[in-house]
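*Asks:* Sharing a structure, written as structure tokens. Questions coming.
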């Protein structure tokens, strides 16, 4: 549900940026009315989904990690890591973390420095070297908080635009707020990537927690160079087509957008 929420947040802020930037340039009053309705819907939708993502899905994800994968939680918070100053210590949020993750201020947070380094050394069934550490990389402390801080900023931004709508001033939003639409859409994508990085790097060395390590999944059937090149070109082509499609939709009005063809 957290991943689905991230997709909805990115979609909402992207649609908001598209309709909002077109609203800045549109001259036809009927076309502006159409864009304004779509923009208001996108703003309210974005506020709802980012609130859900932060306070419901994101919270439940954090609680699950804290209870069932304490190594990842310790790395995310960077607690007790030698020679490392985590953001949680800089902002003194340990008490909040205890309350949110375990429901009590007297809870014991997992300590990164106390995770035995290399206590397992699982030997791989495929003959490749086993894992040498059960400590996820500390970079997830930064990726996690980058996601959180950007998410909070986007939520505040969506709330400000929603206040304009509630005050019936959606068509008179101050220009500086409208100029932030495209950066907000980019930051929504950035926050999603940071969450993905936290999830994937934080699971190391596990692929299936407690069952299979990353070294167990190394394939002995490496694809040839031509196959890797073909896949790279395929994804590059898809990216180009996607960018062109978004450009056509957002910046080049087509026949379907002319008011006489959409009922206005």
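*Asks:* Taking the condition at pLDDT 85 or above, part of a loop (DSSP other than H, G, I, E, B) and either in contact with a strand residue (DSSP E or B) (Cβ under 9 Å, 6 or more places away or on another chain) or exposed (fewer than 15 other Cβ atoms within 10 Å of the Cβ) (or both), does residue 100 pass?
*Replies:* No: the conditions fail for residue 100.
*Asks:* Out of the residues in segment 211-229 meeting the condition of being touching a residue at least 24 places away in the same chain (Cβ under 8 Å) and either under 18 Å from residue 135 (Cα atoms) or surrounded by fewer than 11 Cβ atoms within 10 Å (Cβ to Cβ) (or both), tell me which one is nearest to the chain's Cα centre (by Cα).
*Replies:* 214
*Asks:* Evaluate the following for residue 248: is it in a helix (DSSP H, G or I), modelled with pLDDT under 85 and either loosely packed, with under 10 Cβ neighbours inside 10 Å or out of contact with any strand residue (DSSP E or B) (no Cβ under 7 Å at 6 or more places or on another chain) (or both)?
*Replies:* yes
*Asks:* Identify, please: which residue in segment 181-209 is within 18 Å of residue 143 (Cα to Cα) and not in a helix (DSSP H, G or I) and is, among those, modelled with the highest pLDDT?
*Replies:* Checked segment 181-209; the qualifying residue modelled with the highest pLDDT is 203.
*Asks:* Against the conditions (1) in contact (Cβ under 8 Å) with a residue 24 or more places away in the chain; (2) more than 16 Å from residue 21 (Cα to Cα), where does residue 158 fall short? Just the number, please.
*Replies:* Going through the list (1) in contact (Cβ under 8 Å) with a residue 24 or more places away in the chain; (2) more than 16 Å from residue 21 (Cα to Cα), residue 158 breaks only (2).
Residue by residue, here is whether (1) assigned to a helix (DSSP H, G or I); (2) at positive phi; (3) without any contact (Cβ under 8 Å) to a residue 40 or more places away in the chain holds:
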residue: 15; (1), (2), (3): yes, no, yes
residue: 19; (1), (2), (3): yes, no, yes
residue: 24; (1), (2), (3): yes, no, no
residue: 33; (1), (2), (3): yes, no, no
residue: 39; (1), (2), (3): yes, no, no
residue: 48; (1), (2), (3): yes, no, yes
residue: 53; (1), (2), (3): yes, no, no
residue: 73; (1), (2), (3): yes, no, yes
residue: 79; (1), (2), (3): no, no, yes
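*Asks:* Being assigned to a loop (DSSP other than H, G, I, E, B) and at pLDDT 85 or above is the filter here; which residues of segment 85-97 pass it?
*Replies:* If the condition is that a residue be assigned to a loop (DSSP other than H, G, I, E, B) and at pLDDT 85 or above, then 86 is the only one that fits.
*Asks:* Further, regarding this structure: Which condition number in (1) surrounded by 13 or more Cβ atoms within 10 Å (Cβ to Cβ); (2) in contact (Cβ under 8 Å) with a residue 60 or more places away in the chain; (3) out of contact with any helix residue (DSSP H, G or I) (no Cβ under 7 Å at 6 or more places or on another chain) is the one that residue 138 fails?
*Replies:* In the conditions (1) surrounded by 13 or more Cβ atoms within 10 Å (Cβ to Cβ); (2) in contact (Cβ under 8 Å) with a residue 60 or more places away in the chain; (3) out of contact with any helix residue (DSSP H, G or I) (no Cβ under 7 Å at 6 or more places or on another chain), residue 138 misses (3) alone.
*Asks:* Out of (1) modelled with pLDDT of 95 or more; (2) loosely packed, with under 14 Cβ neighbours inside 10 Å, the odd one out for residue 29 is which?
*Replies:* (1)
The values are calculated or read from the model by the stated rules, or taken from the named source; none is laboratory data. As the structure is a prediction and not an experimental result, all values here were calculated from the model. A quick note on method: Cβ atoms are made from the backbone with ideal geometry, for glycine too, and the neighbour counts reach across all protein chains shown.
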